[in-house]
Protein chains: 2
Amino acid sequence: MQFINDKADLVIEAIDGLIAASGGALARLDGYPHIKVATRAGWDRSKVALVSGGGSGHEPAHAGFVGPGMLTAAVCGEVFASPSVEAVLAGILAVTGEPGCLLIVKNYTGDRLNFGLAAERARALGKSVEMVVVDDDVALPDLPQARGVAGTLFVHKIAGAMAEQGAPLAEIAAKARDVIPRIASIGKSLSTCTVPGSPREDRIPAGKAELGLGIHGEPGVEQIDFAGADSAVATMAGRLPPSGGERVVLINDLGATTPLELSVLTRAVHRAGIAGHVIGPARLMTSLDMHGVSLSVLDLAPGEAELLAAPVPMPAWPGLAALTEPRVDPLPDGLTPIEPIPSENQRTRAVLTAICDLLIAAEADLNALDAKSGDGDTGSTLATAARALKRDIDRMPLADLTQLFPALGNALSQTMGGSSGVILAIYFNAAGDACASGASVPDALRAGLARVMEVGGARPGDRTMIDALAPALDALPQGLPAAALAAREGADATARITRAKAGRAAYVPEANLSGHADPGAEAVARVFEGLAGA
Amino acid sequence: MQFINDKADLVIEAIDGLIAASGGALARLDGYPHIKVATRAGWDRSKVALVSGGGSGHEPAHAGFVGPGMLTAAVCGEVFASPSVEAVLAGILAVTGEPGCLLIVKNYTGDRLNFGLAAERARALGKSVEMVVVDDDVALPDLPQARGVAGTLFVHKIAGAMAEQGAPLAEIAAKARDVIPRIASIGKSLSTCTVPGSPREDRIPAGKAELGLGIHGEPGVEQIDFAGADSAVATMAGRLPPSGGERVVLINDLGATTPLELSVLTRAVHRAGIAGHVIGPARLMTSLDMHGVSLSVLDLAPGEAELLAAPVPMPAWPGLAALTEPRVDPLPDGLTPIEPIPSENQRTRAVLTAICDLLIAAEADLNALDAKSGDGDTGSTLATAARALKRDIDRMPLADLTQLFPALGNALSQTMGGSSGVILAIYFNAAGDACASGASVPDALRAGLARVMEVGGARPGDRTMIDALAPALDALPQGLPAAALAAREGADATARITRAKAGRAAYVPEANLSGHADPGAEAVARVFEGLAGA
């Protein structure tokens, strides 16, 4: 099953989609369904035209590479089928002016013949046409007719950059013929491809990879045990000819290899020392949805790196980059919180200790409440944190709230863990920030709450501890008893909220929530009530 | 099975691969394995820093968008897992200078909390940090906490362009907060994704598509019948909010959708009138290897199109383009060969007729020979073409070889079809070309053969008709008897070539070829022998 409509219209619909999204850079000839040619829009024929193409199913090749600095036209056949002589001729005639045209053809009999005859007919009509045939596949060293695969793009790019610079046809064709024998490509795949309308062939067994397969799903030269990305790259590298100097590698996703895998493979290519420059990894010359990759290498002659690096506007072309050892920068200072300097304040110590004792005392009740809507550990989580805080209270900067609040947050984050710990850390860090800016304690605590709501996304009424804490803090300037009353009202109200909107209770059926307060809100109410009564 | 090594090293190896292929544009912090942060290399902190990130598995998001005009750093968690507070803090501290830092966070609890606390801690260390949360998913309209998905990239790009222009933090954060509510995204998928190390969940039955799924493989809001690409786009378009004016659509491949499909979907998006601008189609915010697509829309405020269109060098960013009706150019003149003006030459007529009669007489013998190495139709193919040529001989320009050769080629191409027809068309068109340049008949015929060898790739010794034709043409200046002798020797020699290197016989076992001449070469020999004896 694929995102297509009628299979018969697949290629023309795809070309139309490509052109529609080209921002007016591309056009097509009025020859559907037989003649499927994408061209540069508004091309003035003042320079050498580059025409390529072949069967479809290899996108972005070739229509995706039509644009300034690469192809002038792409002649598209049906999936894996060569375009006709008439279609190629239409492409040539549509874009070829006085400077002439270079045909770049992948080495398949159908393409050679159809492009070749079209070239003859164009010449008979007075056009200057040269044709080069790319045969970069090294998978089958004994086969006299090597296939043309992803390495063809080196020719598109080098010839395209020369044409863009205004080089004459003879010079461009000579350069292409000079480049082609220096290109070598090898592919490896974990799957075959799905030809639209046909079931996927299950040729490659689990645990095996196929080496040297073709871009039309043709079987590879051998099936070998698959031993991971590094090993796959090593095998491919072993089939490539030895480097003759400055080498560029093109890393081509055959269709369905994920970007994560492609980056892992790229690392392996770098570490294998295959090349000093890289194009990709990217989908460049695909084989529909094949889960595989190919490596194409070119040993650069002087000036070719510049031609490959010349920028082009087509998004399908990833550009040329140096393949280098990843740069590693040292970690910044400040990652480890500075241990606060302990200080004493009897009142603060008393309040903190009281809060801890209240939470420890409420452990069983809060656990029972949490069991109604969660996993029954709210009480224990809070009590554990409270015990740790009591144990460490002598190390706290009790005399300086600006210091104490973040110290509390960081301590709770470590002893509680999970979302609750992070939320309290955010709360107390923001409160400390506000304190440092001169806020009063109630205002600082409210600033902490505001930040928690911003960061966590919960709001009053969402059945969380906020439902008790927000009204309590609002009432705090009127004194602890008022705050305790407000917290209690808020906590009790959560028992009537049967649709939690945040936190874990959001996933609990409504019936399980009705009549039970949120354990976090209940904890807040008990703390305020305890402090008010103390 | 995937192109990875140890699953535990997947993300760090992928980051290293990305950085290695960045041409020195990226660096990472020295915090592996816990702190996985990719940054711009050599970033001078002179402008507002943009930090994003989250779980991995969404590549190229987010590390692929680190670079001038987009992100300054990407903090990467393990696959589908939020990075830690320490990792985010490391990212912030590494890139934040005096102008401050904007955190762009997708709306998931883990990301909000870890990025939120890191922001608090960075602020406590004196950094100016703002945080925005993107919640663009409209799949679950009733869920209060909409997820952040591919629409996040609008924020990366708009904020990134502003930061690059030197805008202050407050202005960038305000713009981001203004943009976010105008973003809406919806996804549709034909498969789930393969989490490395786990089998792929087979949740979506054949014939169904899932609408509104999440980028971590979360189930969608519903499974609906799949009725093709156009229908899929229509369904998604129906879930997007009505457009508020100038709209841009981001077409996102969730991982394994082929470029062909993406272009078909893009055409559907264009025809559905969803937006006037497009980003993609491309892999932007993937869900590993999910076979699905998402559409994200943004209704543009003044100036935002320019910010989205500002060029950036990262190959993962496809740029912004107008989504327009595909331009259609008329077919060029010259596609239909000009019908030659008939003319008479008694000698040429006699030679042509004799050749045709020879081929008709050889039909059964050549078929029998072809049956040894092919499908036994060479004789019939040639005889059919010969009969057609005899029938049409009065319409041939017999008096003018410059005209006759291409006319013969085009006639044979039509009546023979297949590779043989195209080869002969190339042969005679090139011969006509040579004639027009003043070549003698033997030289013109040799020029035709040279072109066939260039185009078709076959050489003498490859067991084709060339093995008879090449020596015959070489001997032709010495007269027809010499040519006939050479052709016969060449044809007979093909019976000893047991390894065909071109044509269909290349796929035939050696034993089947031994002792039988190539039928094409035999046909050539019979023609020359017949003409010499006539």
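The values are calculated or read from the model by the stated rules, or taken from the named source; none is laboratory data. Everything quoted here is computed from the prediction, not taken from an experiment. Here the Cβ is made from the backbone with ideal geometry for all residues, glycine too, and neighbour counts use every protein chain on show. The area values use the complete protein model at the heavy-atom level, side chains included, leaving out ligands, DNA and RNA. Shrake-Rupley method; radii C 1.70, N 1.55, O 1.52, S 1.80 Å.
Regarding segment B:295-309, can at least one residue be identified that is within 11 Å of chain A (Cβ to nearest Cβ), at pLDDT 95 or above and crowded, with 22+ Cβ neighbours inside 10 Å?
no
Could you look through segment B:108-142, keep only residues that are without any contact (Cβ under 8 Å) to a residue 24 or more places away in the chain and of a type in the set (Gly, Ala, Ser), and pick out the one that is nearest to residue B:180 (Cα to Cα)?
For segment B:108-142, the residue satisfying everything is B:116.
In segment A:271-294, which residues are free of Cβ contacts under 8 Å to residues at least 40 places away in the same chain and either under 22 Å from residue A:25 (Cα atoms) or within 10 Å of chain B (Cβ to nearest Cβ) (or both)?
Listed by number, the residues that qualify are A:280, A:281, A:282.
If you go through segment B:179-196, how many residues are within 14 Å of chain A (Cβ to nearest Cβ) and among the charged types (D, E, K, R)?
Number satisfying all stated conditions: 1.
Results for (1) of a type outside the set (Gly, Ala, Ser); (2) at pLDDT below 95; (3) in contact with a strand residue (DSSP E or B) (Cβ under 6 Å, 6 or more places away or on another chain), shown as yes or no for each residue.
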| site | (1), (2), (3) |
| --- | --- |
| B:95 | yes, no, yes |
| B:100 | no, no, no |
| B:131 | yes, no, yes |
| B:145 | yes, yes, no |
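Keeping to segment B:33-48, report how many residues are closer than 22 Å to residue B:12 by Cβ and loosely packed, with under 15 Cβ neighbours inside 10 Å.
3
Only residues in segment A:443-455 that are within 11 Å of chain B (Cβ to nearest Cβ) count as the first member; pair them with residues that are among the polar types (S, T, N, Q) and open to solvent by less than 10 Å² (accessible area, probe 1.4 Å), Cβ under 9 angstrom, at least 6 apart or cross-chain, and list the lot.
These pairs meet every condition: A:448/A:429; A:451/A:429.
Go through (1) among the small types (Gly, Ala, Ser); (2) surrounded by fewer than 23 Cβ atoms within 10 Å (Cβ to Cβ); (3) more than 14 Å from chain A (Cβ to nearest Cβ) one by one and return the number of the condition residue B:386 breaks.
Only one criterion is unmet by residue B:386, namely (2).
Which residue is nearest to the other protein chains (Cβ to nearest Cβ), if the candidates are limited to segment B:1-24 and must be under 13 Å from residue B:67 (Cα atoms) and open to solvent by 10 Å² or more (accessible area, probe 1.4 Å)?
If we take residues in segment B:1-24 being under 13 Å from residue B:67 (Cα atoms) and open to solvent by 10 Å² or more (accessible area, probe 1.4 Å), then B:23 is nearest to the other protein chains (Cβ to nearest Cβ).
Which of the strands (runs of 3 or more DSSP E) contained wholly in segment A:25-119 include at least 3 residues that are of a type in the set (A, V, I, L, M, F, W, C), closer than 14 Å to residue A:160 by Cα and more than 9 Å from chain B (Cβ to nearest Cβ)?
Filter on segment A:25-119 gives A:49-56, A:101-106.
Filter segment B:247-270 down to the residues that are open to solvent by 10 Å² or more (accessible area, probe 1.4 Å) and either more than 22 Å from residue B:190 (Cα to Cα) or touching a His at 6+ places or on another chain (Cβ under 6 Å) (or both), then identify the one that is nearest to the other protein chains (Cβ to nearest Cβ).
Among those that are open to solvent by 10 Å² or more (accessible area, probe 1.4 Å) and either more than 22 Å from residue B:190 (Cα to Cα) or touching a His at 6+ places or on another chain (Cβ under 6 Å) (or both), it is B:256.
Just give me the residues in segment A:49-88 being open to solvent by 20 Å² or more (accessible area, probe 1.4 Å) and polar (S, T, N, Q), in sequence order.
Within segment A:49-88, A:82, A:84 qualify.
Specify the residue that is nearest to residue A:337 (Cα to Cα); the eligible residues are those in segment A:414-465 that are open to solvent by 50 Å² or more (accessible area, probe 1.4 Å) and at pLDDT below 85.
Result: A:414.
Within segment A:43-102, take every residue that is touching a Pro at 6+ places or on another chain (Cβ under 7 Å) and β-branched (Val, Ile, Thr) and give me the one that is nearest to residue B:328 (Cα to Cα).
Applying the filter and picking the extreme gives A:75.
Just to be sure, is residue A:167 assigned to a loop (DSSP other than H, G, I, E, B) and modelled with pLDDT of 95 or more?
Yes.
Determine the pairs where a residue that is within 9 Å of another protein chain (Cβ to nearest Cβ) and touching a residue at least 12 places away in the same chain (Cβ under 8 Å), located within segment B:405-425, has a partner that is of a type in the set (Phe, Trp, Tyr) and open to solvent by less than 30 Å² (accessible area, probe 1.4 Å) with Cβ atoms under 9 Å apart, the partner being 6 or more residues away or on another chain.
B:409/B:427
Residue by residue through segment A:166-202, note down the ones that are of a type in the set (Lys, Arg) and under 20 Å from residue B:256 (Cα atoms).
A:188, A:200 - these are the residues of segment A:166-202 that are of a type in the set (Lys, Arg) and under 20 Å from residue B:256 (Cα atoms).
Examine segment A:131-145 for a residue that is in a loop (DSSP other than H, G, I, E, B), in contact with a Gly (Cβ under 6 Å, 6 or more places away or on another chain), open to solvent by less than 60 Å² (accessible area, probe 1.4 Å) and more than 12 Å from chain B (Cβ to nearest Cβ), and state whether such a residue exists.
Yes, because at least one residue in segment A:131-145 is in a loop (DSSP other than H, G, I, E, B), in contact with a Gly (Cβ under 6 Å, 6 or more places away or on another chain), open to solvent by less than 60 Å² (accessible area, probe 1.4 Å) and more than 12 Å from chain B (Cβ to nearest Cβ).
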